[in-house]
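Student: Please see the structure below; I have some questions.
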Amino acid sequence: MELMVRSSFSDPGSFFGLMSMCAAHRAVLASQRSGNWDSVLTNDPDYCMMRAKSIQEMSAKVRDPSRRLSNEAFDTIINLLTGSLIIGEFSEVHTHLTGLKSMVDLRGGITDESIRSSSMLSAIITTDIKAASGLMTKPVFPLTWDAQPIPSEIQQRIRPLASSPLNRLGTGFSANTFLSPALLKIISVLRDMVFFSITYQTNPTVIKPGDQDFFRILNCEAEHQLLGYIYGEGSPNPEHNLHPIEAVTRVAFICYLNHFLIVSPSSSGLGRALTKHLKTALDGCKLPLLVGLPNQNFGLYVWALFVGAQGALGQPERQWFVERLARVAMICGWQSWEQISKLMAEFFFVVALDSLNWRSIWDEAMTGFVISESEELEFPSLLGTGALSLT
């Protein structure tokens, strides 16, 4: 990023691309204050002007054989792509990503030395992954390095003592029979990432200088794997083959990475897209289906609802997550925050760090919720009986 900023001082395309990113951030903040996403974002004059100038400069580079594959051309299109992600113009994201893929191929591919040895590789991979998360598709580019196991020396510093209640963290995932071995393998890595985050916030003195860079790369690997592991040979629509519980868990973890471990503002285009993807996955896992599954699946489902509600702060969809949480609580007979916090501790929830935000979501769900007549008919044997109580 530092080199991309530096190139903006000497190249008009890089400059206007960087300015379009800045204008996109400003437009998102303005839309957050007004609550009127679409009109503010699509009509923001500064963003529209900077984007137009950046596209004009990019077009000039494409017409010039000596500049079409230059580092400055890559800077320009990556900035354009990032600005579209921030705003939430995903048709443009797809267009710019297609152009970036063509440029990389013409330069010899993502593993070519001219790309690997430059500052562009990290920007290309990161932007591709974030675009894939927003579009909920497979990343265009493969990772150019082999995944490295977490060194035992780091694990010893970040993992809790054997007697710590934090060892329950993630056990609700590993015990779930509807999650595939591929997803559980990724979750085991994510568990150590959560332990690192906990350690960084509660005991930063044990963190060494290289730890943050290691886990930044690990975060990139994990998100790439979550996006891509479902795409097997000859599987054009792999999402249709996933069990609804696995589909919810996969999307919830992609949201968790972006909202909790790396902060993507809920009002950004990526944040809003992730919220909609998680709502779609949760809506596809129907409550009547959950009733017929082992009871612990309600715990995983509720964890995903909390992730969605916190990530949707300030968005219209937040109320949907809160109301769905209230419905599930009524079905399961949950009445107190203590019941919920004990259950959530088996997933990725840390009382000392997350309790304040999640307690407010729970209180919101429990305030003024009224069940409809149709829902009374849908669950006549469960409502009001606590038949699915997990305590």
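Bear in mind that the values in this text are calculations on the coordinates, not laboratory data. As the structure is a computational prediction, the values presented were derived from the model and not from experiment. Using ideal geometry, Cβ is built from the backbone for each residue, glycine included, and neighbour counts are taken over all protein chains shown.
Student: Cα centroids of segment 98-148 and segment 239-310: how far apart, whole angstrom?
Tutor: 27 Å
Student: Turning to a different aspect of this structure: Provide the per-residue ³J(HN,Hα) series for segment 216-232, in order, calculated from phi with Karplus coefficients 6.51, -1.76, 1.60 and θ = phi - 60°, each as a whole number of Hz, with x at glycine and proline positions.
Tutor: Taking θ as phi minus 60°, the curve returns 5, 5, 5, 4, 4, 4, 5, 5, 4, 5, 4, 6, x, 5, 7, 8, x Hz for segment 216-232.
Student: Here's something else I'd like to know. What order do you get for 15-21, 358-364 when each peptide is scored by the mean count of other beta carbon atoms within 10 Å, highest first?
Tutor: Listed from highest to lowest mean packing, they are 15-21, 358-364.
Student: Further, regarding this structure: Rank the residues K279, K185 as a footprinting-exposure proxy: fewest other Cβ atoms within 10 Å of their Cβ go first.
Tutor: K185, K279
Student: For segment 95-100, just list the computed ³J(HN,Hα) in residue order, Karplus coefficients 6.51, -1.76 and 1.60, θ = phi - 60°, integers in Hz, with x standing in for Gly and Pro.
Tutor: 5, 5, 5, 4, x, 4
Student: Considering only Cα-Cα distances, which of the following residue pairs are longer than 22 Å: K101/K130; K130/K286; K279/K342?
Tutor: Those over the limit are K130/K286; K279/K342.
Student: If you don't mind, there's one more thing I want to ask. Can you give me the Kirkwood hydrodynamic radius for segment 152-378, using every pair of distinct Cα atoms, in Å to one decimal?
Tutor: One over the average 1/r among Cα pairs gives 18.4 Å for segment 152-378.
Student: Another one. How far is helix 318-332 tilted, in degrees, relative to the longest principal axis of the Cα atoms in the chain, given as a value from 0 to 90 rounded to the nearest 10?
Tutor: 30 degrees
Student: Along the positive direction of the dipole of the chain (beta-carbon charges: Lys, Arg +1; Asp, Glu -1; about the Cα centre), which of S133, F178, G210 reaches farthest?
Tutor: My answer, from the dipole projection, is G210.
Student: With θ set to phi - 60°, apply the Karplus curve 6.51 cos²θ - 1.76 cosθ + 1.60 along segment 341-353 and write out the HN-Hα couplings as whole Hz, x wherever there is a Gly or Pro.
Tutor: My calculation for segment 341-353 gives 5, 5, 5, 5, 4, 7, 10, 9, 8, 10, 3, 5, 10 Hz in order.
Student: Sum -39500 (n - 2.57) across every DSSP H segment of at least 4 residues in the chain, then divide by the residue count to get the 222 nm mean residue ellipticity, nearest 500.
Tutor: Here the helix-only value at 222 nm equals -20500 deg cm²/dmol.
Student: Which one of T249, T275, T144 has the biggest mean-square fluctuation once the chain is modelled by GNM with Cα springs under 10 Å?
Tutor: For the chain, modelled as a Gaussian network with Cα springs under 10 Å, the answer is T144.
Student: Mind telling me which of I78, I150, I129 comes out most flexible in a GNM of the chain, alpha-carbon contacts under 10 Å?
Tutor: I150
Student: Can I ask one more? Output the 0 to 90 degree angle, nearest 10, between the alpha-carbon long axis of helix 45-63 and the longest principal axis computed from the alpha carbons of the chain.
Tutor: Between the helix axis and the principal axis of the chain, the angle is about 50 degrees.
Student: Of the candidates G333, G232, G134, which one comes out as most mobile in a Gaussian network treatment of the chain with C-alpha springs shorter than 10 Å?
Tutor: G232
Student: Please state the charge dipole magnitude for the chain, taken about the Cα centre, from unit charges on C-beta atoms (+1 on K and R, -1 on D and E), reported in debye and rounded to the nearest 20.
Tutor: The calculation lands at about 380 debye.
Student: Related question: Do you know the relative contact order of segment 152-378, to the nearest whole percent, from alpha carbon pairs under 8 angstrom that are 6+ apart?
Tutor: This gives 23 percent for segment 152-378.
Student: By how many nm would the segment from N241 to N43 grow when fully extended, if each residue of separation counts as 0.36 nm and the alpha-carbon distance is taken off?
Tutor: Separation in residues times 0.36 nm, less the Cα-Cα distance, equals 67.3 nm.
Student: While we're looking at this one, here's another question. Students often check this: by mean Cβ neighbours within 10 Å, which of 305-312, 45-52 ranks highest, and how do the rest follow?
Tutor: 305-312, 45-52
Student: Another question, then. For the chain, with the dipole built from +1 on Lys and Arg beta-carbon atoms and -1 on Asp and Glu ones, taken about the Cα centre, which of F347, A312, P165 lies farthest toward the positive end?
Tutor: P165
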